[in-house]
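Undergrad: Okay, handing you the structure first.
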Amino acid sequence: MVANSNVPIIIKRKKVVSGDGHHGGAWKVAYADFVTAMMAFFMLMWLLNATTENQRKGIADYFSPTIPISRISGGGDGAFGGESVLSKDLLPEVGNLPQPSQAQAQLLGAEQDEISFNQVMEALTALSGESAVIDRMLRHVITRVTDEGLIIELFDLEDQPLFIDASDVPTGVMQDLTAMIAQIVGFVSNDLAVEGHVRSQPIVLLKNQNWEISHSRAQAIRLLLQQNGAYPQQMNRVTAHGDREPQYKNPLSVRNNRIEIIVLRSGEGKSF
């Protein structure tokens, strides 16, 4: 009995594992994914059979993040007739954007005209004092603003006419004046008009040349303007007034011999 008491006692513990060892609980996750995929598949099949073509296109557009503007129907039949508010057909085109009213356009044009007129007058004023020659030439120039535009008037003086005798040939002073004015008005976009005026003759002539002379002088100044910086596209009209619009009450005054270069306001119609 004493000898047997030294025999070691062996306790064997058995570990119980639920289920098959090579599966564990991972199969549940896989099965859940499979069921979810099958449910999505059957839902897709149901949607394909239960929706119209327009509705399917609307659903497809919803899942297309690369399309910034819906070009097709949203699938509904509400106020937009199935179109999205971002549909290309419902967005305003560039040409359909609200345009300024006529009154607003006229106001903007008037403001731009005033800027152009001030630029021309300031440029003419800046010429004064540069030299005695320029100051003598500027004696022939006055400006005024009317409803028609800015009028630059070039007129004869008693001691210095701007055309040779009674012809349409400009003197050197007139050529220099016209060249300076052409460079100034070439910087504005307004149209130009040239008008010729002459004084009345002291006696009744058999053939009155006032109309012809006033017209040919205006044409000569138009050509000089274009040759010295004014653009041909700026020329709106050339007009002859003969002796019908004297500047002075005395119709025989040489002061009535003048050329008017008019910087027209915006909106003045072309005359051909």
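The values are calculated or read from the model by the stated rules, or taken from the named source; none is laboratory data. In this text the structure is predicted, and so the values were computed from the model without any measurement. All Cβ positions, even for glycine, are placed from backbone atoms using ideal geometry, and neighbour counts span all protein chains on display.
Undergrad: Just the residues that are over 31 Å from the mean Cα position of the chain (by Cα) and not β-branched (Val, Ile, Thr), please, taken from segment 236-250.
TA: If the condition is that a residue be over 31 Å from the mean Cα position of the chain (by Cα) and not β-branched (Val, Ile, Thr), then Ala240, His241, Gly242, Asp243, Arg244, Glu245, Pro246, Gln247, Tyr248, Lys249, Asn250 are the ones that fit.
Undergrad: Here are some conditions: (1) buried (at least 17 other Cβ atoms within 10 Å of the Cβ); (2) modelled with pLDDT under 95; (3) among the hydrophobic types (A, V, I, L, M, F, W, C). Ile203 meets all but one. Which one does it not meet?
TA: So Ile203 meets the others, but not (1).
Undergrad: Using beta carbons and a limit of 8 Å, which pairs, at least six apart or on different chains, have the first residue in segment 208-237 and farther than 22 Å from Gly172 by Cα and the second one surrounded by 19 or more Cβ atoms within 10 Å (Cβ to Cβ) and among the β-branched types (Val, Ile, Thr)?
TA: Within 8 Å, the pairs are Asn210/Val198; Gln234/Val185; Met235/Val194; Arg237/Val194.
Undergrad: A further question on this structure: If the Cβ limit is 9 Å and pairs must be 6+ apart or interchain, which residue in segment 106-125 that is within 12 Å of Phe187 (Cβ to Cβ) pairs with which residue that is surrounded by fewer than 17 Cβ atoms within 10 Å (Cβ to Cβ)?
TA: So the pair list comes out as Ser116/Phe187; Ser116/Ser189; Gln119/Phe187; Val120/Thr143; Val120/Phe187; Ala123/Gln183; Ala123/Phe187.
Undergrad: Here's a follow-up. Regarding Gln233, is this residue part of a helix (DSSP H, G or I), within 28 Å of Ser131 (Cα to Cα) and under 29 Å from the mean Cα position of the chain (by Cα)?
TA: No, not satisfied.
Undergrad: Is it fair to say Val188 is in a loop (DSSP other than H, G, I, E, B) and buried (at least 16 other Cβ atoms within 10 Å of the Cβ)?
TA: yes
Undergrad: Out of segment 136-182, which residues are in a helix (DSSP H, G or I) and within 38 Å of the chain's Cα centre (by Cα)?
TA: Answer for segment 136-182, where residues must be in a helix (DSSP H, G or I) and within 38 Å of the chain's Cα centre (by Cα): Leu138, Met174, Gln175, Asp176, Leu177, Thr178, Ala179, Met180, Ile181, Ala182.
Undergrad: Take the residues in segment 165-178 that are modelled with pLDDT of 95 or more and surrounded by fewer than 15 Cβ atoms within 10 Å (Cβ to Cβ); name whichever of them is nearest to Ala123 (Cα to Cα).
TA: Looking at residues that are modelled with pLDDT of 95 or more and surrounded by fewer than 15 Cβ atoms within 10 Å (Cβ to Cβ), I get Gly172.
Undergrad: Could I ask something else about it? Hey, can you tell me all the residues within segment 235-253 that are surrounded by fewer than 19 Cβ atoms within 10 Å (Cβ to Cβ) and over 21 Å from Ile164 (Cα atoms)?
TA: If the condition is that a residue be surrounded by fewer than 19 Cβ atoms within 10 Å (Cβ to Cβ) and over 21 Å from Ile164 (Cα atoms), then Met235, Arg237, Arg244, Glu245, Tyr248, Lys249, Asn250 are the ones that fit.
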